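For reference, the structure is listed below as structure tokens.
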Amino acid sequence: MQLRYNVRLYPSPGQRESLARAFGCARTVYNDGLRARTDAREQGVAYVSDAELSKRVITAAKNTPQRAWLGEVSAVVLQQALADLNTAYRNFFASLSGKRKGPKVAAPRFRSRKDNRQAIRFTKNARFQVTAGGELRLPKIGDVNVRWSRDLPADPSSVTVIKDASGRYFASFVVETGGEQLPESAAEVGIDLGLTHFAVLSDGRKVDNPRFLRRAAKKLRKAQRDLSRKAKGSNNRTKAKAKVARAHARVTDARRDFAHKLSTSIIRENQAVAVENLSVSGLGRTRLAKSVHDAGWSQFTTMLEYKAKRYGRTFTKIDRWFPSSKLCSDCGHIAESMPLNVRSWTCLCGAVHDRDINAAINILAAGRADRLNDCGDPVRPPLAVAQVDETGSLRGAA
């Protein structure tokens with residue numbers, strides 16, 4: 001499977017200028033290609049093919065006075081910028097025709113030099129390499145200082161150099177690795193995600209919600225207030241904008257680090273993991289939107305999924321309409337309603353349930369439903385027992 005390894009870069013002032021030049025050239029080629037296809041569509045001309053577009057906005061453009069400076073950067077960077085444009089068009093057309101699942105994809109848009117994120121990509125054709133001294137050698141840029149947190153398991157097939165909104169530089173390596181099988185474990189776990197507790201496990205453990213954005217709200221509010229008071233276009237506004245970006249980056253990094261550590265711990269301890277397939281985009285349009293996005297459920301479940309695949313574990317997503325909170329994990333009876341303010345409840349069978357732990361137990365049981373136990377019997381929770389006053393046929397009726 002393919003994995004990404006991100007490391008921090010510390011380019012020199014001269015290398016920053018070279019990277020800025022490469023960012024600008026890649027952005028120009030992308031916009032020129034998009035403009036060529038947009039003009040062709042408006043004029044009723046046939047769609048410009050990938051090969052023709054490359055000849056027009058790269059090869060021929062280098063020979064013109066207006067675009068002669070494209071030759072100052074690696075040609076692979078320019079080709080990869082066009083590859084991104086071609087991928088964007090393919091996704092757009094597939095979305096229009098219904099071949100692409102998920103939300104609709106919009107048409108490609110022009111890139112701006114004021115975008116928060118700037119990136120260029122080098123493939124093996126560019127002959128980038130990691131030197132013996134641990135530096136990253138990039139064509140027409142030089143040997144860039146790298147802060148390695150771990151060694152790469154194999155030779156990377158490509159590297160993407162990224163500059164984020166806070167001015168930090170990163171290198172993202174794509175590495176092809178084999179599965180790393182962990183020792184088998186008899187433990188299995190169901191996870192109920194929430195806001196009071198970030199995760200409640202079927203074994204009774206509860207993981208507190210860190211609320212990184214809420215905790216950093218005071219500093220973010222002060223930085224944003226300082227930014228609003230700076231004159232537009234001034235150097236002080238640029239500095240204040242970077243300060244806001246750094247504050248948000250700290251929140252993002254802390255949330256990602258928390259999700260990585262928790263997901264790795266769960267995958268290492270359990271052979272099978274089951275979670276609910278929550279509609280985060282839908283919940284993000286409610287009055288709980290800020291808290292939902294602060295929790296980062298999608299990021300966490302994505303990490304669980306790819307780590308389970310990497311380490312040979314079983315990962316299951318349960319249907320979001322499954323009544324995990326209302327279903328009694330002992331007898332299978334489904335309660336009529338379960339408002340959010342009800343944190344514990346008593347079933348008609350007499351069982352007393354903690355709402356979240358009961359939901360996690362039901363999620364685990366539903367995750368096992370497609371499998372059979374050692375005796376060949378299904379493991380889905382039993383159906384609810386009919387009540388005495390429930391309408392039905394009399395005993396002994398034909």
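Worth pointing out:
- Helix 75-97 axis versus longest C-alpha principal axis of the chain: approximately 40°, rounded to the nearest ten.
- Residue order for TYR311, TYR5, fewest other beta carbons within 10 angstrom first, comes to TYR311, TYR5.
- Relative to the current alpha-carbon distance between ARG35 and LYS243, full extension at 0.36 nm per residue lengthens the span by 71.4 nm.
- Exposure proxy ranking for ARG225, ARG150, based on other Cβ atoms within 10 angstrom of each Cβ and starting from the fewest, stands as ARG150, ARG225.
- Annotation: peptides 327-335, 342-350, ranked by per-residue average of other Cβ atoms within 10 Å with the highest first, follow the order 327-335, 342-350.
- Estimated [θ] at 222 nm from DSSP helical runs (n ≥ 4, -39500 (n - 2.57)) normalised by residues in the chain, nearest 500: -12000 deg cm²/dmol
- Largest GNM mean-square fluctuation across THR264, THR64, THR252, computed for the chain with C-alpha springs under 10 Å, falls on THR64.
- Straight-line cross-link partners of LYS326 among the lysines, defined as a Cα under 29 Å from its Cα and at least 8 positions apart when in the same chain: LYS206, LYS290, LYS317.
- Top of GLY133, GLY284, GLY233 by mean-square fluctuation, Gaussian network on the chain, Cα under 10 Å: GLY233
- When the Cα positions of SER49, PRO103, LEU70 are compared along the charge dipole of the stretch 22-103, PRO103 comes out farthest toward the positive end, with charges on each C-beta of Lys, Arg, Asp and Glu.
- Ranking of ASP203, ASP39 by neighbouring Cβ atoms within 10 Å, starting from the fewest: ASP39, ASP203.
- Within the set [x] 1.26; [y] 0.96; [z] 1.00, the number that Cα Rg over 2.2 N^0.38 Å takes when calculated for this structure is listed as [x].
- Stretching LYS261 away from ALA369 to a fully extended chain increases their span by 36.0 nm, per 0.36 nm per residue minus the current alpha-carbon distance.
- Fluctuation leader among PRO153, PRO11, PRO139 - the chain, Gaussian network, Cα springs under 10 angstrom: PRO153
- Segment LYS290-ARG100, extension gain: residue separation times 0.36 nm, minus the distance between their alpha carbons: 65.5 nm
- The chain: angle of helix 217-228 to the longest principal axis, Cα-based, in degrees nearest 10: 30
- Tally of Lys pairs whose C-alpha atoms are under 19 Å apart, taken over the stretch 2-176, 8 or more apart or cross-chain: 4
- Summary of packing: across the peptides 78-85, 234-241, 122-129, the per-residue average of other C-beta atoms within 10 Å ranks them, highest first, as 78-85, 122-129, 234-241.
- Cross-link reach is defined here as a Cα-Cα straight distance under 20 Å, omitting same-chain residues fewer than 8 places apart; for LYS239 the aspartates and glutamates meeting it are GLU17, ASP115, ASP164, ASP226.
- Label-point separation in nm, LYS230 to GLN181, each point 7 Å along Cα→Cβ: 5.6
- Rounded tilt (10° steps) of 355-367 against the dominant C-alpha axis of the chain: 80
Throughout, read-outs are computed from the coordinates displayed, never taken from laboratory work. The structure presented is a predicted model; accordingly, all values stated were derived computationally and were not measured. Every residue, glycine as well, gets a Cβ built from its backbone with ideal geometry; the counts of neighbours run over all protein chains shown.
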